[in-house]
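*Asks:* Here it is, the structure in full.
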């Protein structure tokens with residue numbers, strides 16, 4: 001079958017305007033996604049031409065503060081030592097998982113780095129490491145003299161917990177329920193700095209993951225491991241189910257999963 005080029009645009013007899021094509025409202029809304037998919041396709045084709053020896057292109061990733069400051073930089077450094085032509089676009093102003101999950105499912109980013117999804121959130125999770133749960137207490141208070149605290153002990157104190165619908169809150173509530181304790185927090189906070197400020201003011205005890213506490217100002221605050229039981233928060237990549245990632249993004253996940261030594265440097269304990 002022979003294909004011929006379309007004829008040149010002709011002037012409309014009545015208006016004198018040239019014929020053309022305009023996007024509808026729906027078309028304008030779809031355009032950013034089409035452009036993004038085209039870029040990914042071109043990067044994939046470039047990789048296929050060059051073979052597996054070189055991974056190049058852009059990796060778009062969002063991270064919660066604790067992973068963005070402690071885990072992600074080490075993983076990026078390790079990856080770029082192997083594949084220096086890889087580029088990273090990092091969204092680091094997101095404090096909670098739900099927004100990251102929205103971006104992942106919309107295709108606005110390749111992956112997120114944070115907590116696991118809640119049971120009703122339809123997104124995949126690739127675990128990298130685990131982070132133990134701790135209690136942050138006022139350094140001048142009686143709990144500061146103890147080496148470790150049990151969940152039952154902190155349940156008797158005014159509790160400062162993360163906001164509802166966060167994974168850390170889900171993990172906290174689930175742990176209290178497993179040991180038969182019903183709690184109602186005195187305070188709820190989304191920002192670690194707010195929770196630590198309340199602890200420093202003597203308002204209560206904050207229950208948070210250890211790496212999250214390391215990102216905040218812990219002057220005047222003691223961090224105690226929580227025991228009976230010992231509980232760990234998983235950390236890893238959030239990815240859209242049934243979506244094929246660009247080769248460079250998939251390679252970043254694969255290499256990160258094997259970086260046990262690198263991840264160990266980011267964690268105080270496992």
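*Asks:* I want to confirm something. Restricting to region 71-92 and keeping residues that are in a loop (DSSP other than H, G, I, E, B) and out of contact with any strand residue (DSSP E or B) (no Cβ under 9 Å at 6 or more places or on another chain), which single residue is nearest to residue 123 (Cα to Cα)?
*Replies:* Out of the qualifying residues, it is 83.
*Asks:* How about region 242-251: which of its residues are crowded, with 19+ Cβ neighbours inside 10 Å and in a loop (DSSP other than H, G, I, E, B)?
*Replies:* Matches in region 242-251: 246 only.
*Asks:* Which one of these does residue 204 not meet: (1) in the same structural domain as residue 136 (by TED's automatic domain parsing); (2) at pLDDT below 95; (3) more than 19 Å from the chain's Cα centre (by Cα)?
*Replies:* The single condition residue 204 does not satisfy is (2).
*Asks:* If you go through region 93-116, how many residues are in contact with a helix residue (DSSP H, G or I) (Cβ under 7 Å, 6 or more places away or on another chain) and within 23 Å of residue 226 (Cβ to Cβ)?
*Replies:* Here the count works out to 5.
*Asks:* A follow-up question, please. Could you say which residue among 90, 100, 59, 64 is surrounded by fewer than 20 Cβ atoms within 10 Å (Cβ to Cβ) and either modelled with pLDDT of 95 or more or within 20 Å of residue 212 (Cβ to Cβ) (or both)?
*Replies:* After applying the criteria, what remains is 90.
*Asks:* On the basis of being closer than 30 Å to residue 77 by Cα, without any contact (Cβ under 8 Å) to a residue 40 or more places away in the chain and surrounded by fewer than 18 Cβ atoms within 10 Å (Cβ to Cβ), does residue 254 make the cut?
*Replies:* So residue 254 passes the test.
*Asks:* Name the helices (runs of 4 or more DSSP H) wholly within region 140-218 that hold at least 3 residues that are crowded, with 18+ Cβ neighbours inside 10 Å?
*Replies:* Correct list: 167-178, 192-200, 210-214.
*Asks:* Going residue by residue through region 55-63, is there one that turns out to be farther than 25 Å from residue 241 by Cβ and over 15 Å from the mean Cα position of the chain (by Cα)?
*Replies:* Within region 55-63, one or more residues are farther than 25 Å from residue 241 by Cβ and over 15 Å from the mean Cα position of the chain (by Cα).
The values are calculated or read from the model by the stated rules, or taken from the named source; none is laboratory data. Given the structure is predicted, the values throughout are model-derived calculations rather than measurements. We place every Cβ from the backbone using ideal geometry, glycine too, and count neighbours over all the protein chains shown.
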